[in-house]
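As structure tokens, the structure follows; a few thoughts come after it.
The values are calculated or read from the model by the stated rules, or taken from the named source; none is laboratory data. Just so it is clear, the model here is predicted, and its values are computed rather than measured. Here the Cβ is made from the backbone with ideal geometry for all residues, glycine too, and neighbour counts use every protein chain on show. These accessible areas exclude ligands, DNA and RNA; they are computed on the full protein's heavy atoms, side chains included. Shrake-Rupley method; radii C 1.70, N 1.55, O 1.52, S 1.80 Å.
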Amino acid sequence: MLGLLALIVVAALVCIRLGAWQIDRAFERADAARDAAEAALSDAPPRPLTDALEPGAHVMGSLVGHPLAVTGTFDPAGQQLVPGRVVDGETGYLVVTPLRVEATGAWLAVVRGWSAGTDDVPPAPGGTVTVTGAVTAGEAFENAALPPGQVDSISPAYFAGTWGLPIYNAYLVPNEASTAGLGGLVAVPAPSLDGGGGVDIRNLAYAIEWYVFGAFALLVWYRLVRDEALARREDAEVDAAGAPRADAR
């Protein structure tokens, strides 16, 4: 039984390892699908923001990552810095400047770029500009004790109280080309596609099968041990019932 147990334990460990490998494969395929989709979107021509999103509307996950173009004018007076954001391994500030969208008159938060400090932030360009980038849903507001001109999150709900309405329930991250023309700040990585391309269900099913096989092997060993123990107990009871008494004549 001990030898059989060792064999079954090895088989169960192999099944567990194969199940973990299938799970890794499922997420690797998801990452590959996401990377392929992002590469395809990066080469796609930008759509007008006003055709894809309305002021105040919820940002659908399918919109994240698509290149969009918007025309408007910046309002430097409403600019905010968001501290504690990491770009290329360094912690600094996102520079968020309100853009008055020409076609709708609504405000749009534009992340003009990243800065290591607060003293050398270049001003936003004046006049009418066209910015190309990707949008994502606004962040939840967090009330933090920060110096004037700084906020802890890119929250359209908070910006609505300072910039006014109407406002887009999203923020735009310009691509590298647009960032270079908006003051020369460090470009911020584009928002990731929502959902990551999905997880390969077939690999997850294979993983579950391997785990079931491993559990079944242990269950078989348990049944064998239990049956053997019951058989020995029955034999012992039979022997005890049929054995003569020690003082019998």
| Regarding Val129, is this residue at pLDDT 95 or above, in contact with a strand residue (DSSP E or B) (Cβ under 6 Å, 6 or more places away or on another chain) and β-branched (Val, Ile, Thr)? | no
| field | Positions within segment 189-220 being buried (at least 18 other Cβ atoms within 10 Å of the Cβ) and modelled with pLDDT under 70, in sequence order | value | Leu193, Gly197, Asp200, Asn203
| field | segment 171-188, residues that are farther than 16 Å from Ala124 by Cβ and modelled with pLDDT of 95 or more | value | none
| Filter result (hydroxyl-bearing (Ser, Thr, Tyr), more than 24 Å from the chain's Cα centre (by Cα) and open to solvent by 50 Å² or more (accessible area, probe 1.4 Å)) within segment 84-104 | Thr104
| query | Is it the case that some residue within segment 130-142 is touching a His at 6+ places or on another chain (Cβ under 7 Å) and either part of a strand (DSSP E or B) or surrounded by fewer than 18 Cβ atoms within 10 Å (Cβ to Cβ) (or both)? | reply | yes
| Positions within segment 105-128 being assigned to a strand (DSSP E or B), farther than 9 Å from Leu172 by Cβ and either in contact (Cβ under 8 Å) with a residue 60 or more places away in the chain or open to solvent by less than 20 Å² (accessible area, probe 1.4 Å) (or both), in sequence order | Trp107, Arg112, Gly113, Trp114, Ser115
| query | Would you pick out the residues in segment 54-83 that are within 27 Å of the chain's Cα centre (by Cα), at pLDDT 95 or above and open to solvent by less than 30 Å² (accessible area, probe 1.4 Å)? | reply | Ala69, Val70, Gln80, Leu81, Val82, Pro83
